[in-house]
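*Asks:* One structure is given below, represented as structure tokens, and several questions about it will come after.
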Amino acid sequence: GNPTVDKVFLLSMPEVKQYLPTDESRMCKSTAYAEGKGALLYSNGMCWGSLRSPGRDHHLAASAHDDGHVSDLGVLVIISDGAIRPSMWISLEP
């Protein structure tokens with residue numbers, strides 16, 4: 001969850017709670033591309049995704065679950081059935 005200056009990045013736990021403040025806004029709808037790459041689709045039509053923040057152990061990442069719940073328990077960073085939600089800052093200044 002360290003601050004980042006990357007152009008494209010994953011949100012940290014504090015950022016996902018700030019910019020997606022409700023469970024409903026954090027629910028991740030999978031795309032056909034993600035499903036084709038192995039993203040797990042739950043019965044509610046949603047998927048889970050990793051966050052930039054670490055989990056409770058060094059090999060775990062915090063995650064946002066299919067119901068929008070955010071957890072720092074963590075998921076293994078090598079699990080490939082989750083999705084990612086790339087983020088970026090866009091300046092509207094000319």
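*Asks:* Find the centroid of the Cα atoms in the range 65-94 and in the range 1-64, then give the distance between the two in whole Å.
*Replies:* 2
*Asks:* Contact order normalised by length for the range 10-94, with contacts defined as Cα pairs under 8 Å and 6 or more residues apart; what percent is it?
*Replies:* 31
*Asks:* Now for a different question. Can you find, among A61, Y42, P94, the residue sitting farthest towards the positive end of the charge dipole of the chain, where Lys and Arg contribute +1 and Asp and Glu -1 at Cβ?
*Replies:* Of A61, Y42, P94, it is P94.
*Asks:* Among G49, G38, G68, which one shows the biggest mean-square fluctuation in a GNM of the chain, springs joining Cα atoms closer than 10 Å?
*Replies:* For the chain, modelled as a Gaussian network with Cα springs under 10 Å, the answer is G38.
*Asks:* If you don't mind, another one. About the Cα centre, and with charges only on the beta carbon of Lys, Arg (+1) and Asp, Glu (-1), how big is the dipole of the chain? Nearest 20 debye, please.
*Replies:* 160
*Asks:* For the range 14-77, which trypsin sites (Lys or Arg not before Pro) pass both filters: DSSP loop (anything but H, G, I, E, B) and at most 15 other C-beta atoms within 10 Å?
*Replies:* K37, R56
*Asks:* Would you compute, from DSSP H runs of 4+ residues alone, the mean residue ellipticity of the chain at 222 nm, taking -39500 (n - 2.57) per run and dividing by the full residue count, rounded to the nearest 500?
*Replies:* -3500 deg cm²/dmol
*Asks:* For a quick check of your reading of the filter: which chymotrypsin sites (Phe, Trp or Tyr not before Pro) in the chain sit in a DSSP loop and have no more than 14 other Cβ atoms within 10 Å?
*Replies:* Y42, W89
Each reported figure results from applying straightforward, stated rules to the coordinates on display, with no laboratory input. Treat the numbers as computed from the prediction; the structure is a model and nothing was measured. With ideal geometry, Cβ positions are generated from the backbone for all residues, glycine too; neighbour counts draw on all protein chains shown.
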